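These notes concern the structure reproduced below.
The values are calculated or read from the model by the stated rules, or taken from the named source; none is laboratory data. Just so it is clear, the structure is predicted and the values come from calculations on it, not from any experiment. So basically every Cβ, Gly included, is an ideal-geometry build from the backbone, and we count neighbours across all protein chains shown. In case anyone asks, the SASA skips ligands and DNA or RNA and just uses the protein heavy atoms, side chains included. Shrake-Rupley method; radii C 1.70, N 1.55, O 1.52, S 1.80 Å.
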Amino acid sequence: MKRLIFALVLNIFANFNYVTAETITMPSSLTADTTAFVLLSSSGTTPSISGYTATDLLATIVASAGTLIVTTTTGLEQASGYCDYTADNSSEPTNCKLEASDHPEIGFIGTQAEINAALATLSFKGDGSTGSPTVTLSITPAGNNYNSANGHYYKIVNDDEISFTDSIAAAEGSTYNGLSGYLVSITSEAENNFLNAKVNQNAWIGGSDKASLTSNSHSVTEGTWEWISGPDNGKTFFCQVAISGKANAADSDCTVATGYSYNNWRNAEPNDHSSNTTGEEDCAHMRSDGEWNDFPCNSTSVDYYIIEYGGTAGETATTSGLTILTIESLEASGSTHQAFNDKQLSGIVEAQTESMKRHMFNSTNSIMDRMEQFRRTGDNKGLQLNDFRLSLIDQGVDNHTHAKLAKHYLQKYSKEVSDKKGFNLTEKNIEKFITELPLSKYMKQEFGLKPKKWVMWSAGSISQGGLNFSVGQLGRKNKSNGFTVGADLDLSDNSLLGFALRDETEDVEVSTNGTKYKSDNSTLSFYNTWKADDENYLDTFIGFGKTKQATTRIVDVTNKTKVTGELKSKQAFGAIKYNFKKNYKLINLNNYSIVNFGYSMFDSYSEKGDSNLKLKFDDRDLKSYSLSIGSLIESKIDLKNSKFIPYLRIDITEDLTEASNLKANYISSPSNQYSKSISKHFSTIIRAETGFDWNFRNDWNISSTLERIDKNGLGHQNSLKFNANKSF
């Protein structure tokens with residue numbers, strides 16, 4: 001039973017006819033210098049069709065301005081009205097690939113595979129003035145023509161000796177792609193020219209002044225010419241002037257309907273033929289030269305009629321038969337193209353600038369944090385009695401040898417030292433006093449115990465943030481990892497001098513479509529802190545860096561076409577910080593102000609990729625400034641072998657950065673340059689931070705910080721930092 005079911009299933013699948021939809025693939029847009037022919041496939045999307053099974057398909061490509069060619073026509077056949085051909089012919093349509101032919105419209109007949117081979121070579125050249133021309137591709141069964149000007153389809157039918165009345169009935173009885181047919185109504189010169197190029201034969205059109213027609217209920221007055229079929233039924237388009245000797249010609253009651261004044265009558269037509277019988281010629285036909293003539297409605301001298309599809313209320317085509325491409329012709333005098341209007345491009349250049357400012361901000365903070373830590377923990381002091389390690393067994397803080405000796409000197413010799421040295425011996429200067437004692441000098445000389453003036457330190461950070469822009473720009477997400485290693489020297493009791501190296505990587509996602517970049521930053525910094533007294537100090541810092549940003553930009557969202565680039569830059573930046581410190585029993589309050597400044601030099605660079613939207617960016621400079629004010633609260637907690645110092649900070653920064661002007665041009669069109677002023681998108685930055693320092697007696701110090709930065713409600717950045725240092 002199982003085998004029977006399995007065999008049945010296999011048989012069903014083997015004999016199942018899969019239905020594929022008829023579709024046309026075209027680029028949605030193409031931006032290029034169209035002074036010379038440009039392949040439409042250079043947009044990243046190659047024009048093609050699929051799902052068509054008919055062997056005789058008519059492909060028509062119409063440009064609203066400019067010239068079209070295909071360079072491959074193998075297997076195709078000539079189509080009447082296209083590429084200067086006046087009749088369908090099995091010969092190869094070589095005229096469709098003549099560059100000097102100036103064809104705004106080309107067409108050919110072939111199979112799906114033959115048409116796809118031609119479409120892969122479809123190229124366009126602009127007219128030098130039209131800025132945004134369109135290219136329309138239509139696929140219909142051979143014999144049906146698509147008019148991109150009004151969206152209607154037309155079929156020229158050869159039916160020997162058919163009368164006007166019969167042609168109306170035949171036309172109204174046909175359909176195409178869900179559209180009802182009717183005998184054609186020609187309402188514009190463009191429509192008449194379109195049909196004239198396709199017909200080249202005497203053919204019935206849907207105009208008449210016959211008093212009554214069996215195919216519709218509308219009554220027509222002699223001399224009042226109306227369209228009598230389809231959606232234009234009953235619309236008067238011409239009032240025939242009375243002809244001498246003939247009665248019932250149109251009089252003053254005839255009024256041309258609004259929007260229907262076009263006609264193309266041959267000279268002295270319509271004329272009701274040459275007899276004196278009124279109404280002998282009441283039906284219109286198009287001559288082979290495109291002009292109109294009135295003819296007897298029952299005449300069998302006309303062998304063609306034209307069916308029109310489209311325009312009937314409530315009707316739409318049921319299959320995809322056409323698609324339209326808009327071209328931005330960069331060189332055209334009428335072009336209004338602005339490269340930076342593209343959201344992907346605008347978003348990435350904005351993000352690059354903010355990334356540079358963020359890198360300088362992070363580098364500055366890592367150095368400023370180190371100088372704060374130096375004062376908070378008391379590192380980099382001279383040789384301490386504690387360093388001699390005289391105690392073999394730690395008996396607690398109060399019984400430690402260091403504490404005992406310090407207490408001893410304070411109690412026994414403070415007055416004597418005061419008398420001899422000229423200063424009072426206190427807990428603050430006891431260490432300095434002890435380092436100058438004979439015992440201390442002896443230990444230094446004999447055992448190499450030297451003051452610990454150098455400190456090696458390192459700091460790592462992980463941050464993540466985002467910024468949501470307004471209309472016309474994209475948001476972004478950033479993730480960064482930074483690591484700083486440094487060393488500093490205590491030059492005196494009041495001064496610290498050091499240097500540091502920082503490496504930081506950042507991944508920035510500009511859009512969910514795939515526009516992004518990765519940034520690598522390296523910085524060498526020098527810093528100094530000078531403490532005038534216990535309450536006032538000044539920090540200074542200067543850094544030099546270089547950055548490399550590997551960019552990926554999506555130029556066609558629909559087809560995920562991308563270009564890549566590498567932007568390099570150099571920076572010089574620094575900061576000056578003034579701090580006022582006040583002690584309140586167990587709490588220290590630090591109020592400070594900071595001036596930050598930076599100068600970045602972006603190199604020029606060019607994008608790469610399979611797209612004619614690749615850009616070359618000029619070099620540019622960025623000057624940045626900011627002012628900050630803030631407060632930091634800390635408290636020291638003495639533990640058995642360490643000191644724990646928690647702290648809390650909040651500050652406000654006002655960004656005073658100047659706008660930076662960026663210029664770029666398409667590599668394919670170097671003469672057209674575009675510019676964008678990159679300004680800041682926020683002015684105020686609020687930073688909240690909490691963390692701790694943990695200072696151990698074995699000369700190690702570690703700290704950790706959790707930080708939150710908000711930018712005027714437009715975005716944020718969260719950071720986790722870790723720092724460790726050791727004296728040597």
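Normalising the average separation of contacting C-alpha pairs (under 8 angstrom, six or more residues apart) by the number of residues puts the relative contact order of region 24-107 at 26 percent. Based on the Stokes-Einstein relation at 37 °C and a viscosity of 0.692 mPa s, and on the Kirkwood radius from alpha carbon pairs, region 91-192 is assigned a translational diffusion coefficient of 198 µm²/s.
Roughly to the nearest percent, how much of the accessible area of region 127-217 is carbon and sulfur, given a 1.4 Å probe? The value for region 127-217 is 41 percent carbon and sulfur by accessible area. Between GLU654 and THR326, the C-beta separation translates, for a Förster distance of 56 Å, into a calculated FRET efficiency of about 0.80.
Here the simple spin-label model places points 7 Å from the Cα toward Cβ, and for GLN673 and THR23 these points are separated by 4.3 nm.
Taking one quarter of the surface of the convex hull spanned by the alpha-carbon atoms of region 535-687 gives a direction-averaged projected area of 13.5 nm². Could you tell me the calculated FRET efficiency between ALA317 and LYS616, based on Cβ-Cβ distance and R0 = 41 angstrom, to the nearest 0.05? Once rounded, the FRET efficiency stands at 0.40.
Label 7 Å along Cα→Cβ of ASN158; region 87-128 residues with amide nitrogen under 13 Å? Inside the label zone: 87-90.
Projecting the Cα positions of ILE307, GLN344, GLY321 onto the charge dipole of region 282-344 (unit charges on Cβ atoms of Lys, Arg, Asp and Glu, taken about the Cα centre) puts GLN344 furthest along the positive direction.
Full extension of the chain segment joining TYR578 with TYR599 gains 5.4 nm, where the gain is 0.36 nm per residue of separation less the Cα-Cα distance. Within the set LYS623/LYS721; LYS548/LYS663; LYS570/LYS663; LYS582/LYS643; LYS125/LYS663, which residue pairs have Cα atoms separated by over 22 Å? LYS623/LYS721; LYS125/LYS663, as the Cα separations exceed 22 Å there.
Once the 1.4 Å probe is applied to the protein heavy atoms, region 520-649 comes out at 50 Å² accessible per residue. Could you tell me which of THR111, THR134, THR175 has its Cα farthest along the dipole of region 108-181 towards the positive end, charges placed at Cβ (Lys, Arg +1; Asp, Glu -1), taken about the Cα centre? Ranked along the dipole, the leading option is THR134. Our estimate of slack between THR564 and ILE702, defined as 0.36 nm per intervening residue step minus the Cα-Cα distance, is 45.5 nm. Translational diffusion of region 21-135, estimated by Stokes-Einstein from the Kirkwood radius over alpha carbon pairs at 10 °C in a medium of 1.306 mPa s, is 112 µm² per second. Kindly provide the Kirkwood hydrodynamic radius of region 517-599 in Å, to one decimal, from all pairs of distinct alpha carbon atoms. Result for region 517-599, one decimal place: 16.4 Å. The distance between label points at LYS585 and ALA550 comes to 5.8 nm (points 7 Å beyond Cα on the Cα→Cβ vector).
Loop only per DSSP, at most 12 neighbouring Cβ atoms within 10 Å: give me the GluC sites (Glu not before Pro) in region 119-200, ordered by residue number.
Sites meeting the loop and neighbour criteria: GLU161.
Treating r as the C-beta distance of SER522 and THR72 and R0 as 56 Å, the FRET efficiency rounds to 0.60.
Per atom type, region 574-654 shows carbon and sulfur on 62% of its accessible surface, probed at 1.4 Å.
Among 292-300, 631-639, the peptide with the highest mean count of other Cβ atoms within 10 Å heads the list, and the full ranking is 292-300, 631-639.
A probe of 1.4 angstrom, applied to the heavy atoms of all protein chains, finds ASP56 with accessible area near 80 square angstrom. Extension gain for THR94 to LYS479 (0.36 nm times residue separation, less C-alpha to C-alpha distance): 132.9 nm. Take the Cα of SER631, step 7 Å toward its Cβ, do the same at ASN271, and the gap between the two points is 10.4 nm.
The Cα atoms of region 608-710 give a gyration tensor whose axes a ≥ b ≥ c have a/c of 1.5 or more with a/b greater than b/c, which makes the shape prolate.
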